[in-house]
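In what follows, a single structure is set out as C-alpha cells and then discussed.
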Amino acid sequence: MKAVFCAVNSKFIHTCLAAHILINHIDKNIFDVNLWEYSINDEIDIILKNIARSNADVYIFSVYIFNVEFIKRIISKLKKINPACKIILGGPEVSFDSDAFLKNNTSADFIIIGEGELVLDKLLTAIKNDSGLDAINNIAYRQGNEIISTNKSDELISMDDIIFPYNSDNLKDFKNKIIYYESSRGCPYSCAYCMSANDKHMRYKSLAKVFNELTFFIENKVSIVKFTDRTFNADDIRAQKIWQFILDNNICTTFHFEISADILSDDSISLLNKLPLHYVQLEAGVQSAKQQTLKAVNRKTNLDKLANNLLRLTEANNMHIHTDLIAGLPYESYDDFKYSFNFVYRLNSHMIQLGFLKILKGSPMEDMVKDGGYVYDDYAPYEIIKNNWISYDEILKLKLIESLADRYYNCQSFTHILNYIIENYYKDNEFGFYEELGEFFNKNHYSDAKMSKSQLYTILDDFLMHKSISDNKTKALLSFDFLLNNSSPLPKSLYFNEITKNALYELIQNNIPTLPPEYKNLPYKQLIKHLDVYEFELNPINLKTRKTYIAFFDIKQNCMNNNKKYVILNSQRS
C-alpha cells in the first residue's frame, strides 16, 4: 500500500518534526511511504498536482492552527480527484473535538487523537486489511454516515523509543532550514491560553540519548537546532547538564531553548554566561507584567526574579534572547499593556515578540470567553478581536506597534539610534516612542505599505524632524546603523561629505596596523574593494568626539566568528 505524508509548514525554512518522526515509525517493509514538505506560501494547486500524481492509497497530514484552513482546501480537492483515497489527519488542531471536525469536513476519513507513534502504523495496517479499526485506541473515523471514536488510552511512547529522525543521508534535505528537536514532552504548568495545559505527562529522553543525538548535530555542523520542549528548564539540573554538554562539545551549532526565566538558578545563569557567542539562544515568555492577569491565566511568575535573571543574561552579551508578550489577556487594558511593554523593553532582550491571544480549541481559555466578553475570529488562528478590557481600535493600535517593534527593534539594525532616542527623549516611556511613531505612520499612510530597509531609515529621520529632535547626533547614529547593517548606498537624507582619492589613500596607509588581519597584506587596489570609508562630523561611538573616519568592511562571517564590521581610522600619521 502506498502512502504520502504531506507536511505543510508556516515558512519554507521550517520543517515538520512530527512528520519526520512518525514516518520512521511506519513499517517500510509493508508500506511504501514518502514524505513531502511544503509551506502555506506555496500554491495549493501545485501541491495538489504533486501529491495527486503519486496515486497514493493514503494521504497523511499534520494539522496546526497555522495550516488547518490550507489543509482543508487541499483535502477537499484531493478527495474529488481521487474519491477512493483515504485521508488521515493528526495534530493539535484536530485532536480536540475530532468528531465535530469529521462531521464538518467530510473529505477526512480518520483522525489520530494525540500522539501518533503508537497508532499510525496500526491504522495503516487496518486500512490495508480493511478491518480492525475498533481495536485501535485514540482514533476517530467515518463509517458511512456515522462518526466512531475508539477507546481513549493514556498509553504513551517512551521518549527513548522515539526514533531519531535525522541521519547523514537526509541531512542535505534540511539545508537552509531550521531543524527541530525534542528532549521532552509535556509541561508542568497550566497556562490557560496554551494547549500544553492539558498535557501533564512530563517525560524526558535519557541524557545519554540526548547527548548522542546532539553530537550528530554538532559533528555535522548543523546551523541551528530548535528544541521544542515547552519549558526546557523545568528540571534545572537536567538543563544544566545539557548546557554543559554544549559548552564542552559544541563547534558552531546554535541551540534554541524555550525557558521559564524566573526559575533559572544561579548555577544555570553562571553556566549560560560562560557559553561562547552564538552557542545558545533563549526564548523567555513574560506574557504580561500585571499579576492579576497572570493569576487569571494560571501563570505563576515571580516578575522581579524574572527581570533580574534576564538582565544578568543580557549583560553577558553572548547569546540571543527573545522575550514574549501576549495582548488580550484577562484584566489587561491598553494602559496596562503599556506597562507590560515597558517592563519587557527594559530587559534589553534582542527580540520582543508581541503576540495576540488566540482562543485555542480545548484550551482552558475557552471557559473564560463568556465572562470576559471575548470576541474572536471563528477561523484559525482564532485571534482576539476585543474583550471587556481592550477594544478593537486598541487592538489595531497594538498591531501597528507590533509591526514597528519588529521593523525597528527586532531586526537589530537600528540599535544605536534607538538607544539614543529612548535614553534622551522617551526614558520610562518606551511604549510612547512606538505609539507616536505609529501615529506618524498612520498620518503619512505608511502603515499598510511595503517598505524597503532604506525607506525605514528615511522615515525614522523624518519622524525625528517632525518631533524636532533631529540633529547632527541623530544623523550620525542613523548613518552608522545603516552602514553597519546594509550594503546599499546611504539614503540621500543621510549623505556624507565625500573623501577625495588622495585623502582616502593617505587615511588607509596611516591605518594599516588597525585593519583586521585578513586585510593588512592586501594591495591597496584590492583592499579598497572590500571597504567603504566615511567621514562623520560626530563620532557615533562617542558623540562628544568630533570629526571621525570609519571604515566599514564586507567581511563574511564564518561559523562562530565574530569579526568586527568596522574600524575607527586615525586621521593623523602614527
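Where a number appears in this text, it was derived from the coordinates with a stated rule and is not lab data. Predicted, not measured: the structure shown is a model, and the values here were computed from it. Cβ sites come from the backbone with ideal geometry, for glycine too, and all protein chains shown count toward neighbours.
Is the shape of segment 2-149 best called rounded, prolate or oblate, per the rule: a/c under 1.5 gives rounded, else a/b larger than b/c gives prolate, else oblate, with a ≥ b ≥ c the square roots of the Cα gyration tensor eigenvalues? Rounded. Charge tally for Ala316 (other residues, Cβ to Cβ under 14 Å; Lys, Arg +1; Asp, Glu -1): 0. Picking from Tyr334, Gln244, Tyr166, whose Cα lies most toward the positive end of the charge dipole for segment 159-388 (charges on Cβ: Lys, Arg +1; Asp, Glu -1)? The residue sitting farthest along the positive end of the dipole is Gln244.
In this structure, the amide hydrogen of Ile385, modeled 1.01 Å from its nitrogen in the peptide plane, lies closer than 5 angstrom to those of Val375, Tyr376, Asp377, counting only residues at least 5 positions away or on a different chain. On the beta carbon distance between Lys547 and Cys411, with R0 = 45 Å, the FRET formula returns roughly 0.95.
Looking at the chain, the DSSP beta bridges with both ends there are about 35 percent antiparallel.
Taking the longest Cα principal axis of the chain as reference, the axis of helix 68-81 is set at about 50 degrees. Relative to the longest principal axis of the Cα atoms of the chain, the long axis of helix 453-466 makes an angle of roughly 60 degrees. For the chain, the longest principal axis of the C-alpha atoms and the axis of helix 207-219 are separated by about 50°. Using alpha carbons only, how many angstrom separate the centre of segment 15-77 from the centre of segment 485-543? The distance from the Cα centre of segment 15-77 to that of segment 485-543 comes to 52 Å.
Could you sort the peptides 44-56, 230-242 by per-residue average Cβ neighbour count (10 Å cutoff), highest mean leading?
230-242, 44-56
Name the residues of segment 464-500 whose amide N is less than 12 Å from a point 7 angstrom out from the Cα of Asn419 along the C-beta direction? Output list for this probe position: 481.
Nearest 0.05, what FRET efficiency do Lys80 and Lys11 give at R0 = 35 Å with Cβ-Cβ as r?
About 0.80, to the nearest 0.05.
Spin-label pair Ser158-Asn317: with each label point 7 Å from Cα along the Cα-Cβ axis, the two points sit 4.8 nm from one another. Backbone N atoms of segment 423-451 closer than 12 Å to the 7 Å Cα→Cβ label point of His466 belong to residues 434-447. Bridgeable lysines around Lys128 (alpha carbons under 25 Å apart, same-chain partners fewer than 8 residues away excluded): Lys2, Lys28, Lys49, Lys72, Lys77, Lys79, Lys80, Lys86, Lys103, Lys152.
Once the chain from Lys370 to Leu247 is taken as fully extended at 0.36 nm per residue, the excess over their C-alpha distance is 39.4 nm.
What is the gain in length, in nm to one decimal, between Ser493 and Asp267 on full extension, counting 0.36 nm per residue of separation less the C-alpha to C-alpha distance? Mind showing how you got there, number by number?
Numbers: separation 226, 0.36 × 226 = 81.36 nm, distance 4.95 nm.
Value of the extension gain: 76.4 nm.
Positive end of the dipole of segment 311-416, charges at C-beta (+1 Lys, Arg; -1 Asp, Glu), about the Cα centre: which of Ile352, Ile384, Gly373 has its Cα farthest in that direction? Working it through, the farthest residue towards the positive pole turns out to be Ile352.
Remark: the Ala135-Glu219 segment gains 25.9 nm on full extension, using 0.36 nm per residue and subtracting the alpha carbon distance.
Bridging of Lys205 to lysines at a Cα separation below 22 Å is possible for Lys226, Lys241, once same-chain residues fewer than 8 apart are set aside. Charge tally around Phe463: other residues with Cβ under 15 Å, Lys/Arg +1 each, Asp/Glu -1 each, net -3. Of Tyr519, Asn298, Ser403, which is farthest towards the positive pole of the chain's charge dipole, taken about the Cα centre with +1 and -1 on the beta-carbons of Lys, Arg and Asp, Glu respectively? Farthest towards the positive pole: Tyr519.
Partner aspartates and glutamates whose Cα lies under 19 Å from the Cα of Lys209, excluding those fewer than 8 positions away in the same chain, are identified as Glu117, Asp160, Asp161, Glu182, Glu219, Asp229, Asp235, Asp236, Asp248.
Each peptide in 65-76, 384-395 gets a packing score, the mean of other Cβ atoms within 10 Å over its residues, and the list from highest to lowest is 65-76, 384-395.
Packing, taken as the mean count of other beta carbons within 10 Å per residue, orders the peptides 337-346, 294-303 from highest to lowest as 337-346, 294-303.
Shape class of segment 501-569 from the alpha-carbon gyration tensor: oblate, with a/c at 1.5 or above and b/c at least as large as a/b. Working note: Karplus 6.51/-1.76/1.60 with θ = phi - 60° gives segment 238-246 the couplings 4, 4, 4, 5, 6, 5, 5, 4, 5 Hz, where Gly and Pro are set to x.
For the chain, what Kirkwood radius comes out of the mean inverse Cα-Cα distance, in Å?
Details: mean 1/r = 0.0371 Å⁻¹.
Computed over Cα pairs of the chain, the Kirkwood hydrodynamic radius comes out at 27.0 Å.
For every other residue with a beta carbon closer than 10 angstrom to the beta carbon of Ile157, add +1 if it is Lys or Arg and -1 if Asp or Glu, then tell me the sum. Show your work: numbers first, answer last.
On the way: positive: Arg185, Arg203; negative: Glu115, Glu117, Glu155, Asp160, Asp161.
That sum, taken over residues with Cβ under 10 Å, equals -3.
Computed from the C-beta positions of Ser149 and Trp36 and an R0 of 25 Å, the FRET efficiency is 0.30 to the nearest 0.05.
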